[in-house]
Structures are given as structure tokens and as C-alpha cells.
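The block underneath contains the structure these notes are about, expressed in C-alpha cells.
The values are calculated or read from the model by the stated rules, or taken from the named source; none is laboratory data. Note that the coordinates shown come from a computational prediction; the quantities given were computed from them, not determined experimentally. Heads up, the Cβs are rebuilt from the backbone with ideal geometry, glycines too, and the neighbour counts pull from every protein chain shown. Ligands, DNA and RNA are excluded from the accessible area calculation, which covers all protein heavy atoms including side chains. Shrake-Rupley method; radii C 1.70, N 1.55, O 1.52, S 1.80 Å.
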Amino acid sequence: MLNKECGGSLLETQKAQDEEKTEINLREVFSVLGHKIWLLLVCLLAGTAAAFGVTKFLIKPAYTASSMIYVFTKTTSITSLADLQIGSQLTVDFKTLGTSRPVVERVISKLSLNTTYEDLLKTVTIENPNNTRILKINVVNSDPKLAAAISNAMAESLSDRVAEVMSTSKPSTVEQAVVPKKPSSPNTVQNTVIGGLLGLLIAIIVVLSRYYMD
């Protein structure tokens, strides 16, 4: 019994000493940083200004335009749950068709684009909103008008290709892409905040490293 009490007392003493050391270390860290608060503020402002400048003046803004098509064609009738399940399967097929070479190269030819299949494909994403039979075609480009034109041309080309492959009528267009008024990237506020925090973090690491090395 006495051994247990002694063991418990030693553990409590050790725990108290560890907590005291941790508290002292934290006080020491805050004290060191407090004496260099001017440097931390300078680095924070420098990181913020650098990130803002790079984002605003060096990174070219990109615009995203989106069009949507409906998977079912005008001749398709929805009479049962099986039809809906077939529609879900077709959505996957159409999504794959949307990035196929015939569809993309038809867009390049129609708009007389000075690009390749591979390069244009990098700017296009086709997504299927949850629980829908709709395909959303997103196109990112530095020219907002061209982004909208490519998105609409992609929707048209995909619809034509579906009609050819399935020997049916073309899928309906749900929404045509409009010219975006605001860029989708870069995010100036987010980049500026990250730049400021990185500047502050670097300053903290440098200050503490020099202190403990000395």
C-alpha cells in the first residue's frame, strides 16, 4: 500500500514538474517573440504585400464558363425506375464521350482555335451534379468570351456526337454558357492572407532558431 502511495506521489510530482517546464518554455518563447515583435510585423506585412502584388499583377486571371445538357433526348420517355437507372448509366457514358477526341477536335475546328486536343482538354471539365441526369461543361480560359464560346461549342459537339453514336435525337440544352464577368481565379484575398501568414511563420522560425542556437 505504501509503495503504491509513493509511486503515485512520484508520478504526480513528475507530472507537475513537466507542466512547469512546459509553462516556462512557453513563457520563454513568447518573451523572445515579444522582443522581436517589430520584425514579426515587418515580415507579416512583407509577405502580405508580396502575395498581393504577385496575385494582382503577375498571375493572369482565368474565367470559367459553364453550359449544361440533359442526358435524355426528346424521344426518350421516362416511364419507370428502370428508365431513370438507364439515364444514370448514360450520364457516365456521355461524360466520357464529352472528352473524346472527335468531340474536342470538332470544337477546335468550329472555332478555329490555335490549340491541340490535349491542351484544350486541360481547360475542360465535365461534371454530373448529384442525383441528376444533367452534364455540366466547365471551360476555363483567360478570355471570358472565348471560355463561353468553347463551353457552348462543347455542349453542341457533345450533343451531335451522342446522336451519331446512339442513332437518336440530340440531347436537349438545359442552359447555355454566358460570358463570366468576374474571374474564377486567382483568389486575391486568400493568396494575400496565406502570404502574410507564411511571412509571419518564417519570421518566427528564424527568430527562435537564432535564439536557441545562441
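Values as computed for the structure displayed
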| read-out | value |
| --- | --- |
| Selection count, region 29-45, where residues are over 26 Å from the mean Cα position of the chain (by Cα) and in contact (Cβ under 8 Å) with a residue 60 or more places away in the chain | 9 |
| Residue within region 183-194 that is closer than 30 Å to GLU28 by Cβ and either modelled with pLDDT under 95 or of a type in the set (A, V, I, L, M) (or both) present | yes |
| Qualifying residue in region 134-142 (condition: open to solvent by 20 Å² or more (accessible area, probe 1.4 Å) and modelled with pLDDT under 90) | yes |
| Per-region count, region 80-98, residues open to solvent by 50 Å² or more (accessible area, probe 1.4 Å) and either modelled with pLDDT of 70 or more or within 12 Å of MET154 (Cα to Cα) (or both) | 4 |
| Filter result for LYS56 (under 26 Å from the mean Cα position of the chain (by Cα), open to solvent by 40 Å² or more (accessible area, probe 1.4 Å), modelled with pLDDT under 95 and under 18 Å from LEU135 (Cα atoms)) | no |
| Flag if ILE126 is within 13 Å of THR64 (Cα to Cα) and at pLDDT below 95 | yes |
| Among the residues listed as THR168, THR192, the single one being touching a helix residue (DSSP H, G or I) at 6+ places or on another chain (Cβ under 6 Å) and among the β-branched types (Val, Ile, Thr) | THR192 |
